[in-house]
């Protein structure tokens, strides 16, 4: 039971929600589940199934029959080495959870291969459809981003908790004006290239909760078979440089 408790807590932490909120939104009795977790009682399958669906993780994640990834520093290691090992372990687990949510993982090269194979035309799209976002191209002084399609497993959906395109638009409209202008500028630049690949870090407040993520983002101009123009966006988390980590520090004030 201790292992299941940790997996439930880890899944909800990755989603950025409390146990009480998760229970409320997933249709689970909070007092019952809290008591089961606290006292190590058996948790019935329907409850685990609801948490699985809510967190976006497959049931296998909550099973005892799955490998655990652990990175341990050698005995006698310095405090710095131990901290580095712990950071790597957390990063690997988070990446593993990202892959499990999607059922499988695609990379930037996969999207670039698709772009080359199809000449930027949206066809044979099923392999990447749910992992990317499509935006209407920014024209002139057009302010803001207008999502056309938000992928179920895209980083924006998973990081911001967007339920659909309208909800995503509402979330983004609440961002700092300078941040929006910076992203719009990237979209405008990408529209004049084959693609734009860059590392970015974002720190925003969504529904009263801090969301901070560093990511590698690909923006590429594409068009549908009718000639309508869009920008395709694919992004993946990165766990990199000290500068990137510093940019993601959430203010404690």
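The values are calculated or read from the model by the stated rules, or taken from the named source; none is laboratory data. Keep in mind the model is a prediction, meaning the values are calculated, not measured. For neighbour counting, all protein chains shown are included, and Cβ atoms are generated from backbone atoms with ideal geometry for every residue, glycine included.
Taking segment 180-195 as the range and being touching a helix residue (DSSP H, G or I) at 6+ places or on another chain (Cβ under 9 Å) and either surrounded by fewer than 18 Cβ atoms within 10 Å (Cβ to Cβ) or within 17 Å of residue 136 (Cβ to Cβ) (or both) as the test, the residues that pass are 180, 183, 194. For segment 111-148, filtering for residues that are more than 18 Å from the chain's Cα centre (by Cα) and at pLDDT 85 or above leaves 17.
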